[in-house]
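The values are calculated or read from the model by the stated rules, or taken from the named source; none is laboratory data. Everything numeric in this text was worked out from a predicted model, so none of it was measured. All Cβ positions, glycine included, derive from the backbone under ideal geometry; neighbour counts span all protein chains shown. What goes into the accessible areas is simple: the full protein's heavy atoms, side chains included, and nothing from ligands, DNA or RNA. Shrake-Rupley method; radii C 1.70, N 1.55, O 1.52, S 1.80 Å.
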Amino acid sequence: MAHTAGVAVIVDCAQAAGQIAVDVHDLGADAYAFLGYKWLHGPLGVGALWIRDVDRFESLRMGWRSQDAMDLEGNIALKPDASRFETGTVDVASYVGLRQTLAVHRALGAAVGERIRSLRAHLLKRLADLPFDVLSRPDDPTGIVVAAPRGMTASDAVDRMWRDERIVVKLLAEPGLDAIRISFWALHTEGDIDRVAAGFARTLGAAVGADRPR
């Protein structure tokens, strides 16, 4: 629809790359941005932008990495690829690390997605026995599950999980949403999922017990 209207489509793949297969040629957008860390588990502070047709986007700022050449009259020839949008010095070591990270993921192939789906099923099974309303769709192929606790605010649950269990879960406090985001990846184990579930059982169980009349 966007292309029909003449609009460029730029996709944020920060939560996709490293969890599900991302084929930029098949998806059809004009540009894709992703992070080297998060689910790729690469170096911090590094990412990349893939652009289908660099001439569709205007270079509003230029640096020494943007140009191929400059003549004596100051005419600049931009690089033919997306590196024309680089405006300053980059951390070369981090980019080498990102390249190695992508190589590892290519070697792992479908194993990462299969492992994440297996752990997701295990987590959802454990959450079904706890006072949670699971808001995520069961079949989503990611290591992110959102659930709202019953009998306790999400903020209190997040605080207690860190204070008492030393487990980090993320608070999602937005208009109309008071929930917790539980994140995991392929390197986690069923035992890690069980530890999270046991922590929630103690945390939410303590809240239920505190509300009972004595």
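Would you say residue 41 is open to solvent by 70 Å² or more (accessible area, probe 1.4 Å) and more than 29 Å from residue 188 (Cα to Cα)?
Details: open to solvent by 70 Å² or more (accessible area, probe 1.4 Å): yes; more than 29 Å from residue 188 (Cα to Cα): no.
So residue 41 does not fit the description; no.
Quick one: is residue 19 out of contact with any Leu (no Cβ under 8 Å at 6 or more places or on another chain), among the polar types (S, T, N, Q), closer than 28 Å to residue 119 by Cα and open to solvent by 60 Å² or more (accessible area, probe 1.4 Å)? For residue 19, the condition - out of contact with any Leu (no Cβ under 8 Å at 6 or more places or on another chain), among the polar types (S, T, N, Q), closer than 28 Å to residue 119 by Cα and open to solvent by 60 Å² or more (accessible area, probe 1.4 Å) - is not met.
Residues that are in a loop (DSSP other than H, G, I, E, B) and touching a residue at least 24 places away in the same chain (Cβ under 8 Å) were ranked within segment 169-186; the one that is farthest from residue 19 (Cα to Cα) is 169.
Consider segment 80-99. How many of its residues are within 25 Å of residue 55 (Cα to Cα), among the aliphatic types (A, V, I, L, M) and surrounded by 15 or more Cβ atoms within 10 Å (Cβ to Cβ)? Count: 1.
Pick from 157, 173, 186: which is farther than 20 Å from residue 140 by Cα, open to solvent by less than 30 Å² (accessible area, probe 1.4 Å) and not hydroxyl-bearing (Ser, Thr, Tyr)? Break it down into steps so the answer makes sense when it comes.
Working: 173 fails: open to solvent by less than 30 Å² (accessible area, probe 1.4 Å); 186 fails: farther than 20 Å from residue 140 by Cα.
From the options 157, 173, 186, the qualifying one is 157.
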